Amino acid sequence: MSEVMVLGAGMVGVATALALQAAGRSVLLIDRGEPGRETSYGNAGIIQAEAVEPYALPRDLGALLSIALRRDNAVSYHLDALPSHMGVLWRYFRASAPGRHREISQVYAALVQRSTADHAPLIAAAVAEALIRRDGLRTAARAEAPFAAQVADAERLARDYGVAISVMDGEALAAAEPGLRLRFAGAIHWHDAWACSDPGALVGAYADLFRARGGTVDTGDAMTLEQAGAGWRLGQHSAQDVVVALGPWSPVLLRRFGYHIPMLRKRGYHRHFTGGASLNVPMMDTSIATVLAPMRAGLRVLTGAELARPNAAATPRQLARSEAGAREILDLGTPLEAQPWVGNRPCMPDMLPLVGAAPRHRGLWFHFGHGHQGFTLGPTTAALLAEEMVGGRQPMSALSPSRLAV
Ligand SMILES: Cc1cc2nc3c(=O)[nH]c(=O)nc-3n(C[C@H](O)[C@H](O)[C@H](O)COP(=O)(O)OP(=O)(O)OC[C@H]3O[C@@H](n4cnc5c(N)ncnc54)[C@H](O)[C@@H]3O)c2cc1C
């Protein structure tokens, strides 16, 4: 019998297994598939130490109208999904009020700003340096007015949080990225971010490290979890404690134990392109709300958020707009996959992950809801969870699951 079972081997679950193992626990990591093949595979691979403020829901009428009319490629939705999302959207809207968002950002900044330091020893021990670049991320704007607004906001973040930025004009960006064929108004270079050229492979390397240090990884269906005496059982495995790190699937399991988790699953799409031009550094083209991330497999083109019912068919409309927009700025080449990848960002309405003890079950721990930055934050919140599970003290009460009264 292991002391702890960790359910889910995405970035969050694998990092949890490593942190608990480092704290002296015997850990079993369970996934229905190979580690790092779901959301932690399909993201932009950016370890976002610059993302000090989580994405708020816009509150001004113009921006909301632009979303409603699907003018803005950043957000899309299925009409039939809206009724089931209203409650959680309302909570998200309230948490996005400027004062509340500022408070949340204080917590968020403290997490993301230590993220690269928390990844660094794992990258080294997992011999994964070849996957990592430490030369930042750029956000670029095509027109002067939005660029000026973005510069003002970046300068605010630099002032308030110490985020390292450089402002580049169109000429400097063209010199740094010779593959671009369109002249941008300019770009902000965010120096604190690191980029991974194969996010799934990094999670796989972390899982191999966990195994090499004596941990066990097995396959199993988390939905068969049951209480057994003072502990927990899943198939032939049992443990004193169990950590739910199932990313966007966590609420489905927890409903069986009476928890109603208000998660907003923001869908995103990606597709790789090969045979054309690429970029030296990942770049978000803000005019089409599209991230272009150079990966080992090709240039990964990624979209913003789509609200859909959990099992609704993929509707890659945003990706079509992203692809058309990307073709305006560089020679994109040809798509690698026949069908785009689709996955869900597991977002909590107050933009903070749930990290800590389940409110009503002994030995049950929550570790999910990392939204737009779970690839970044996995090792950081894993260290906090291990501190609570081993040390008995919740280091950051703002992350406690009991705050949501689930
Ligand atoms: C388009 C897009 C771009 C993104 N870009 C970035 C970025 O650049 N930087 C960043 O930090 N974050 C980014 N994110 C967010 C990030 O990818 C997620 O927050 C993160 O991957 C969540 O990790 P996780 O381990 O919680 O979930 P997952 O990686 O989804 O892991 C959950 C695991 O649970 C397993 N599982 C599910 N059901 C069962 C079951 N019944 N039994 C057993 N196992 C099960 C799955 O197989 C999976 O391995 C992006 C997300 C998207 C969609």
Result of the Cβ filter at 7 Å on the stretch 36-50, keeping first residues that are of a type in the set (D, E) and partners that are within 6 Å of the ligand (Cβ to nearest atom), at least 6 apart or interchain, is E38/G10; E38/G247; E38/G343
Note on the stretch 252-275: residues in a helix (DSSP H, G or I) and more than 11 Å from the ligand (Cβ to nearest atom) are L254, R255
In the stretch 294-348, residues that are part of a helix (DSSP H, G or I), of a type in the set (G, A, S) and within 22 Å of V281 (Cα to Cα) total 4
Discussion item. Among the residues of the stretch 236-244, are any of a type in the set (A, V, I, L, M) and either within 10 Å of the ligand (Cβ to nearest atom) or assigned by TED's automatic domain parsing to the domain that holds F184 (or both)?
Written reply: yes
Of A120, A95, the only residue that is buried (at least 18 other Cβ atoms within 10 Å of the Cβ) and under 20 Å from the mean Cα position of the chain (by Cα) is A95
Quick one: would you say T381 is among the β-branched types (V, I, T) and closer than 30 Å to A230 by Cβ?
yes
query = Out of all the residues in the stretch 92-104, is one or more within 22 Å of L292 (Cα to Cα), part of a helix (DSSP H, G or I) and either of a type outside the set (G, A, S) or modelled with pLDDT of 95 or more (or both)?
reply = no
Of (1) part of a loop (DSSP other than H, G, I, E, B); (2) in contact with a strand residue (DSSP E or B) (Cβ under 9 Å, 6 or more places away or on another chain); (3) not small (G, A, S), R59 fails just (2)
Flagged pairs (Cβ under 6 angstrom, 6 or more apart or on separate chains; first in the stretch 296-308, within 12 Å of the ligand (Cβ to nearest atom); second of a type in the set (V, I, T) and in a strand (DSSP E or B)) are L302/V291; G304/V75; A305/V75
The one condition D208 fails out of (1) part of a helix (DSSP H, G or I); (2) free of Cβ contacts under 8 Å to residues at least 12 places away in the same chain is (2)
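The values are calculated or read from the model by the stated rules, or taken from the named source; none is laboratory data. Please read all numbers here as calculations on a predicted model, not as lab measurements. Heads up, the Cβs are rebuilt from the backbone with ideal geometry, glycines too, and the neighbour counts pull from every protein chain shown.
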